[in-house]
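Have a look at the structure below before the remarks.
Derivation of every value follows stated rules applied to the coordinates shown; laboratory data play no part. Note that the structure is predicted; figures quoted are calculated from it, not measured. Because the Cβ atoms are built from the backbone with ideal geometry, glycine has one as well, and the counts that use them run over all protein chains shown.
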């Protein structure tokens, strides 16, 4: 039987990072009902269990071809799913990291700890040179997470958004280089 710590790809005293499973559909769906998540990310709103199931079902394929890695952020003290953090564009650099934290887990530095863990993992295990992240202009909590995890402000992009989407917005880009 796998121990609690062995279930995590990476962990510290506050958070553990593990792959998502279909057992997470309910918690992901509940978290993504939060208006701040839809305001500051590109996650669809309203967010349904079908969205969560689809997202989780894609994970194994992305890991298998090395194009993306997404992890559940788990609060070590409670064992509760508290957010998501993922690396994308791995095959088409620059690799980007993105994250969200459930409303019940905010203001506890879980995102900062998760970002540090996933960044270290990506540099050591994936041998990446640089990772970038973007924050929508005005998302000060996410900017604090970036700074506190060692990311450095790079520039602003005024016309940013998902491919094949007319939803464009202004962002700040942050980067961290592998030392």
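Key figures for this structure:
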quantity: Percent of alpha-carbon pairs separated by more than 30 Å within the chain; calculated: 11 percent
quantity: Cα gyration tensor category, rounded, prolate or oblate, for the stretch 129-176 with a/c compared to 1.5; calculated: prolate
quantity: Order of 118, 157 under a 10 Å beta carbon neighbour criterion, fewest first; calculated: 157, 118
quantity: Expected 222 nm ellipticity per residue - DSSP helices of 4 or more, -39500 (n - 2.57), all of the chain, to 500; calculated: -9500 deg cm²/dmol
quantity: Cα principal axis extents for the stretch 18-70, largest first, Å; calculated: 32, 22, 18
quantity: Antiparallel content of DSSP bridges confined to the chain, in %, to 5; calculated: 95 percent
quantity: Residues 127, 51, sorted so that the one with the fewest Cβ neighbours within 10 Å comes first; calculated: 127, 51
quantity: 9, 87, 14 arranged by Cβ crowding within 10 Å, fewest neighbours leading; calculated: 9, 14, 87
